[in-house]
Amino acid sequence: MNAAATRDSAGRAFVEMYDTTLRDGSQQVGLDLTVEDKLRVAAALDALGVDVVEGGWPGSNPKDKEFFARAGELPWRNAQLAAFGATRRPNRSADGDPDLETLLVAKTPIVTLVGKAWTLHVDEALRTTREENLAMVADSVRFFVREGRRAVFDAEHFFDGYAADRSYALACLSAAAEAGADTLALCDTNGGTLPDDIVRVVRDVLGQFPALRVGVHCHNDSACAVANSLVAVGEGATHVQGAANGYGERCGNADLFAVIAGLELKREHELLPPGRLGALAATAREIAEVANLPFDAKQPYVGSSAFATKAGLHASAIARRPDAYSHVDPASVGNQTHVLVSELAGRSNVLVKAAEMGLDLSSDPGLATTVLDEIKAAEHRGYAFEAADASFELLVRRVAGQMPSWFDLEGYRVVIEKTGGADRSEAIVRLLLGEQRVVAVGEGVGPVHALDQALRKALSELYPELANIHLVDYKVRILDGRAATSAVTRVMLTSADHEGEWTTVGVCDDIVTASWEALADGISYGLLRAGAEALIPA
Ligand SMILES: [Zn+2]
C-alpha cells in the first residue's frame, strides 16, 4: 500500500502498519539475525503486505549498512523501506553529521528519526539544553525532508515525557512537524503506560496535530503493547509500529500480527492486501524459524494452541459449532482448530480428532470405542497424546487398519563408549524392507543420535524424502510413582519438515527402547506426510 493512500474503501483513514522487527525487534535477547536472515524476514513481511519495513540502524553497525546496500535485491511488492537513526549531535550542524550522512546513503524513501521528548532524558542522558534538543529535532527532520525523504519522527519516551512536562513533550512534536515530518510516532519506550493513559494522550496529540499522521510505538512491559496499539487506533491514530511475534528487548514490542488480526477481523480495517490475512500464521512461523527461536504455542491468533481445546465434553459441540468456542475463525488467519486428546477424552472427541486428520471412523460404530480403550490403556502405561498428535494418528491408523508400513525392525544394538573426555555411541540397526534385509551402522553423540543416524542410513536409498525430515527436539521425563516396581521413561520427540512439526511419544522402562519407539514413529509419520510410497500400503 502506498503511504500516500490515506483512505480505505470505506472512506476511513488508512492505518499504516510499520514493522520494526529488523531494528527494535532484533534487540531481543537470543535474536541474532545475519544479513541473509534479515533479507528473508524483510521478504516475508513484504509478502504478507505490511506497509513499512524498518530495516535497521545503518549508523550503528556494518551489518545493517550491508542490509540496506542489498535490500534492492528483494522484489518489493507491498512495503516501503525505512532506515532508522537518531537526531543530530548537540551543538553541531546537521550538514556533515556522520550519522545523518549514513542514513542518507541507505537511500530509503522513509527515514525514521528518534529524538528526545522527555525533559529528564534531555537533562540527564543528552545533557544539553531543552532548546538545543528542539533544534536537534527540527534540523535533523529538515535535513531529510530537503533531500526528498519522508520523515517519521519517533518521539522517544513520549508518554513519560508527557506526564512529566506536557508542554515540552508537545513542543518536541511541534519542532518535528514544523520541519516537515509527516508522521509523529509516540513511543512508549519503557512500556509501562496503560491503555486509559494512551487514549487520553493520543486524543490530545491528535487534537494538536490534525493534519499529521499520528501513531504509536508500544513496548510490552505492562503486557499492554497490543492493547495500547488498538486503543490508539480507536482514538484515530493512523500508524502503528510493532514487531513480528512481539519480538523486542525486555518484554518485547507490540506484536504487529495480533494488532493486524485484531484491527482487520474486529474493527474492519483494511491493512493487508486482500486475502493476505490468511498468510499470517505461516508468516509468523517462518520468521520464528529464520530467527531460530521457539515458536510460542500460546501466541494469540497464530500459535499452534491458539485454537486448541482439551474440553472432552465439548468436542461434539465444537464439531457442530466451532464459532461457539473460538473468538475468530482460525482459518481467517491461516490457523486451525485442534482438539486435544487426553485420558478424559470421550468417544465423540476421538471421532472429531480422527476427522481432523482425515480419518473417518463413523462408518464402524465400534472403532471409536476401541481407539478410546487403546488410548486409555496407553495413557495408563505413561503415554501422553495431548502433545503427541502424530503418535495419536498412528495409533488410530493401526487400530483402524489404515497404517501403511515403510520398514520392519528386526533388531538393533547400541554400544556406548567413553574414551578420555569424549562420549561416542555406535548403533547397528537391522531392518526388513520387504524381501530385503538391510543392516546399517550409525555413529553419534549418545545412543539416540546414533540410532537415528543408523535408521536414516538404512532407509535413505529407498526413501529420499528422509532428507527433508529432521529432529528438532528431544525430551525425556522419568515417570515415577506410576508403577511400584520401577520408574518408567517417557520420551517426546519432535521432528520437522519444510511444512511443519510433529511430535511422537515412546514409553518404556528402558530409555533407549522408549527413544527408539518415538524415533521410528517420527520417521514413519514423516514418510506418511511426505506421501512416500509404502512397502505395505494401508
Ligand atoms: Zn522501541
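Scan region 64-83 and tell me whether some residue there is within 25 Å of Gly248 (Cα to Cα), touching a Lys or Arg at 6+ places or on another chain (Cβ under 6 Å) and free of Cβ contacts under 8 Å to residues at least 60 places away in the same chain.
The answer is yes, given that some residue of region 64-83 is within 25 Å of Gly248 (Cα to Cα), touching a Lys or Arg at 6+ places or on another chain (Cβ under 6 Å) and free of Cβ contacts under 8 Å to residues at least 60 places away in the same chain.
Here's the yes/no breakdown for (1) without any contact (Cβ under 8 Å) to a residue 60 or more places away in the chain; (2) within 21 Å of Ala331 (Cβ to Cβ):
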{"position": "Cys224", "(1), (2)": "yes, no"}
{"position": "Ser229", "(1), (2)": "yes, no"}
{"position": "Val240", "(1), (2)": "no, no"}
{"position": "Cys251", "(1), (2)": "no, no"}
{"position": "Asp255", "(1), (2)": "yes, yes"}
{"position": "Leu263", "(1), (2)": "no, yes"}
{"position": "Leu272", "(1), (2)": "no, yes"}
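What are the pairs, 6+ residues apart or on separate chains, where a residue within region 17-38 that is touching a residue at least 12 places away in the same chain (Cβ under 8 Å) and on the phi > 0 side of the Ramachandran plot has its Cβ under 7 Å from a residue that is open to solvent by 10 Å² or more (accessible area, probe 1.4 Å) and away from the ligand (no atom under 16 Å from the Cβ)?
Gly30/Leu293
In the set Pro75, Pro62, Pro58, which member is at pLDDT below 95 and either aromatic (Phe, Trp, Tyr) or surrounded by 17 or more Cβ atoms within 10 Å (Cβ to Cβ) (or both)?
Values: Pro75 fails: either aromatic (Phe, Trp, Tyr) or surrounded by 17 or more Cβ atoms within 10 Å (Cβ to Cβ) (or both); Pro62 fails: either aromatic (Phe, Trp, Tyr) or surrounded by 17 or more Cβ atoms within 10 Å (Cβ to Cβ) (or both).
Selected residue: Pro58, the only one of Pro75, Pro62, Pro58 that is at pLDDT below 95 and either aromatic (Phe, Trp, Tyr) or surrounded by 17 or more Cβ atoms within 10 Å (Cβ to Cβ) (or both).
Tell me whether region 241-253 contains one or more residues that are within 28 Å of Ala151 (Cα to Cα), open to solvent by less than 10 Å² (accessible area, probe 1.4 Å), part of a helix (DSSP H, G or I) and more than 16 Å from the ligand (Cβ to nearest atom).
no
Within region 209-223, track down each residue that is away from the ligand (no atom under 16 Å from the Cβ) and charged (D, E, K, R).
Arg213
Pairs, please: C-beta under 6 Å, at least 6 apart or cross-chain, first residue within 9 Å of Leu528 (Cβ to Cβ) and among the small types (Gly, Ala, Ser) and in region 391-410, second modelled with pLDDT under 90 and open to solvent by 40 Å² or more (accessible area, probe 1.4 Å)?
Final answer for the pair search is none.
For region 96-187, give me every one of the helices (runs of 4 or more DSSP H) that falls completely inside it and has 1 or more residues that are among the small types (Gly, Ala, Ser), surrounded by fewer than 22 Cβ atoms within 10 Å (Cβ to Cβ) and more than 32 Å from the chain's Cα centre (by Cα).
Result: 130-146, 158-164, 166-178.
Looking for something open to solvent by less than 20 Å² (accessible area, probe 1.4 Å) and either part of a helix (DSSP H, G or I) or on the phi > 0 side of the Ramachandran plot (or both) - is there at least one such residue anywhere in region 415-428? Before you say what the answer is, go through the steps one by one.
Pass one, region 415-428, residues open to solvent by less than 20 Å² (accessible area, probe 1.4 Å): 425, 427.
Now drop any that are not either part of a helix (DSSP H, G or I) or on the phi > 0 side of the Ramachandran plot (or both), which leaves none.
Checked region 415-428: no residue is open to solvent by less than 20 Å² (accessible area, probe 1.4 Å) and either part of a helix (DSSP H, G or I) or on the phi > 0 side of the Ramachandran plot (or both).
I'm checking my understanding of the structure. Among residues of region 431-462 that are acidic (Asp, Glu) and at pLDDT 90 or above, which one is farthest from Asp408 (Cα to Cα)?
The qualifying residue farthest from Asp408 (Cα to Cα) is Glu443.
For Phe143, indicate whether it is in contact with a Leu (Cβ under 8 Å, 6 or more places away or on another chain) and either without any contact (Cβ under 8 Å) to a residue 12 or more places away in the chain or within 22 Å of Asp123 (Cβ to Cβ) (or both).
Answer is no for this residue.
Conditions (1) over 30 Å from Pro274 (Cα atoms); (2) within 16 Å of the ligand (Cβ to nearest atom); (3) hydroxyl-bearing (Ser, Thr, Tyr); (4) in a helix (DSSP H, G or I), marked per residue:
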| residue | (1), (2), (3), (4) |
| --- | --- |
| Thr21 | no, yes, yes, no |
| Glu36 | no, no, no, yes |
| Arg40 | no, no, no, yes |
| Asp46 | no, no, no, yes |
| Gly55 | no, yes, no, no |
| Asp64 | yes, yes, no, yes |
| Phe68 | no, no, no, yes |
| Pro75 | no, no, no, no |
| Ala94 | yes, no, no, no |
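The values are calculated or read from the model by the stated rules, or taken from the named source; none is laboratory data. Worth saying up front: this structure is predicted, and the values here are computed from it rather than measured. Heads up, the Cβs are rebuilt from the backbone with ideal geometry, glycines too, and the neighbour counts pull from every protein chain shown. These area figures cover heavy atoms from the full protein model, side chains too; ligands, DNA and RNA do not enter into them. Shrake-Rupley method; radii C 1.70, N 1.55, O 1.52, S 1.80 Å.
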